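The values are calculated or read from the model by the stated rules, or taken from the named source; none is laboratory data. This is a predicted model, so every value here is computed, not measured. With ideal geometry, Cβ positions are generated from the backbone for all residues, glycine too; neighbour counts draw on all protein chains shown. The accessibility values were calculated without ligands, DNA or RNA, using every heavy atom of the protein model including side chains. Shrake-Rupley method; radii C 1.70, N 1.55, O 1.52, S 1.80 Å.
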Amino acid sequence: MQIVLYEPEIPPNTGNIARLCAATGVTLNLIEPLGFRLDNRYLKRAGLDYWPNVHLCIWPNWQAFAAEGQHGARLVLTSAQKEKAQTCVQHFVFEISDCLVFGPETRGLPADILHISPFRVRIPVLEGRVRSLNLSTAAGIILYQALASTGMLEAWM
């Protein structure tokens, strides 16, 4: 299982997701351009002292990741919009080798990326209350659902 952040924009979100990856042993892929520098103090603060435990891969663009980063794994794309991702996360059948792909905070995954894979999930929220969940919150929900549904959490008990 891997998390892929496509052009992330907000350092604390990426730092929180890095901490999530350290806690779960999941690889974190960052697709450039990033909306911040990797030495950003907010990024480091959110990740605390867990950065040494993060398996981090940085890719110059989507093409480089697609060529070498996914190793034939299935791309599970995420969106907050029903028309872009009709399957709710709790109904999706995850696989152990999935790459969970999240878009930039302000705009989500672009159409050209969304067309790459038929595997798309969203987190259901009450209509009309919020537009979307915070990126790091969404990554945590989807990752833990994927880990639980594939049985990967059982090894930690």
For the pair Thr27 and Ala155, the simple spin-label estimate (label points 7 Å beyond Cα toward Cβ) gives in nm 1.5
Once you keep just the Cα pairs under 8 angstrom separated by 6 or more residues, what percentage relative contact order results for the range 3-157? 26
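Sort Arg122, Arg37, Arg19, Arg107 by heavy-atom solvent-accessible area, probe 1.4 angstrom, most to least.
Arg37, Arg107, Arg19, Arg122
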Scan of the chain for GluC sites (Glu not before Pro) in DSSP loops with at most 10 other beta-carbon atoms within 10 Å gives a longest site-free stretch of 1-82
Among bridges DSSP assigns within the chain, what percent are antiparallel (round to 5)? 0
Solvent-accessible area per residue, Å², over the range 35-157 with all protein chains present [probe radius 1.4 Å]: 61
Distance in nm between Lys84 and Ile96 label points, each 7 Å along Cα→Cβ, equals 3.2
Roughly how many percent of the accessible protein surface of the chain is carbon and sulfur, given a 1.4 Å probe and a whole-percent answer? 53
To the nearest 0.05, how large is the calculated FRET efficiency for Glu127 and Asp49 if R₀ is 41 Å and r is the Cβ-Cβ distance? 0.50
Gyration tensor (alpha-carbon) shape descriptor, the chain, a/c threshold 1.5: rounded
Heavy atoms of His115: accessible area, 1.4 Å probe, square angstrom to 10: 140
Calculate the dipole size of the chain relative to its Cα centre from +1 charges on Lys and Arg beta carbons and -1 charges on Asp and Glu beta carbons; express the result in debye to the nearest 20. 400
